[in-house]
Amino acid sequence: AEVGLQHARGQYPAQLSGGMAQRVALARCLARQPHVLLLDEPFGALDEVTRTDMQQLLLKVIERHNTAALLITHDIDEALLLSDRILLLGHSPAQTVAQWRIDLAQPRDERIDELGALRIDILKTLRRASRKPDAVIDPLPNSLEREHVPGRLYPYST
């Protein structure tokens with residue numbers, strides 16, 4: 001019931017749509033009461049409407065279960081909508097090229113201006129990284145560093 005599959009109880013796996021199959025996978029993960037969900041391109045094969053529904057479901061489930069999620073995606077918009085922290089990985093295994101913290105409350109659908117600015121910054125950083133495959137890039141020059149301001153977008157720092 002939690003993942004919206006009540007109507008599909010009597011169906012066989014081959015009868016499930018892609019979105020329904022992803023809901024089953026999410027329910028199976030939640031049955032173990034995990035501290036962290038590992039999601040590797042979970043919505044890549046879904047149509048846009050189903051993808052949006054599943055993204056919203058994921059946010060609700062994470063909040064309801066007080067769990068974290070590690071989302072692996074090639075979709076910058078998906079990362080911006082779902083993530084509190086984005087890491088841009090490089091060509092070498094486990095190389096972090098750049099990272100950003102997103103300090104915007106959910107839902108973020110209406111935060112087009114702030115998310116658009118960050119999307120452009122990520123794309124620029126991605127392009128610079130593709131020209132220098134082994135470089136670690138600071139996406140925000142030191143001259144632009146500022147104090148933490150809620151609702152502002154800036155690179156993640158520890």
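The values are calculated or read from the model by the stated rules, or taken from the named source; none is laboratory data. These numbers were taken from a predicted model, which means no experiment stands behind them. As a convention, Cβ positions derive from the backbone with ideal geometry for all residues, glycine included, and neighbour counts pool all protein chains shown.
Of the residues that sit in the range 87-124 and are touching a strand residue (DSSP E or B) at 6+ places or on another chain (Cβ under 9 Å) and of a type in the set (D, E, K, R), which one is nearest to Leu58 (Cα to Cα)?
Among residues in the range 87-124 that are touching a strand residue (DSSP E or B) at 6+ places or on another chain (Cβ under 9 Å) and of a type in the set (D, E, K, R), the one nearest to Leu58 (Cα to Cα) is Arg108.
Can you tell me which residue is surrounded by the fewest Cβ atoms within 10 Å (Cβ to Cβ) among those in the range 1-23 that are closer than 25 Å to Asp77 by Cβ and touching a residue at least 12 places away in the same chain (Cβ under 8 Å)?
Of everything passing the filter in the range 1-23, Ser17 is surrounded by the fewest Cβ atoms within 10 Å (Cβ to Cβ).
In the range 83-107, what residues are crowded, with 16+ Cβ neighbours inside 10 Å and either polar (S, T, N, Q) or at pLDDT below 85 (or both)?
Ser83, Gly90, Gln99
Looking only at strands (runs of 3 or more DSSP E) that fall completely inside the range 20-122, which ones have 1 or more residues that are assigned by TED's automatic domain parsing to the domain that holds Val3, among the small types (Gly, Ala, Ser) and within 12 Å of the chain's Cα centre (by Cα)?
68-72
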